[in-house]
Amino acid sequence: MNLKDIYIGNLIKEKFEQKKAKDKNFTKAEFARRLGIQRSTIYPLFHQKSIDTELLIHISEVLEYNFIEKVYMTNQKAKENRIRIGIEVSEEQLQKSDLLKELVNMIESGCRYF
């Protein structure tokens, strides 16, 4: 997941709906009241690409979901799960097309660093 592709408003709306499903008294009006904002502000909030960090922390508290940790840490874990490969190849190896075969052999042998 790329941080540029996240629309935080969509995620907030999703978590709002989950909380509302558990607590029928948790309406948009109640959500707005707990945030200290107008009810009419909730609708645009659900469509925002970005949001003020202080407001996001407050929303996290109200919805009991740590948006910052979930979004940022998910992105960090995705980066950590990537494999970086650096291989020195001669022109001859490249032309013989042994490169792919060698790469597969290195990965299968469990080699992390080449």
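Evaluation of M1 against the conditions (1) touching a Ser or Thr at 6+ places or on another chain (Cβ under 7 Å); (2) at pLDDT 85 or above shows that the sole unmet condition is (2).
A quick yes/no check of all residues on (1) modelled with pLDDT of 70 or more; (2) over 30 Å from K13 (Cα atoms); (3) in a loop (DSSP other than H, G, I, E, B):
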{"residue": "R33", "(1), (2), (3)": "yes, no, no"}
{"residue": "L55", "(1), (2), (3)": "yes, no, no"}
{"residue": "Q76", "(1), (2), (3)": "no, no, no"}
{"residue": "G86", "(1), (2), (3)": "no, yes, yes"}
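If you go through region 45-73 and pick out every residue that is surrounded by 14 or more Cβ atoms within 10 Å (Cβ to Cβ) and within 18 Å of A21 (Cβ to Cβ), you end up with 5.
The values are calculated or read from the model by the stated rules, or taken from the named source; none is laboratory data. This is a predicted model, so every value here is computed, not measured. All Cβ positions, glycine included, derive from the backbone under ideal geometry; neighbour counts span all protein chains shown.
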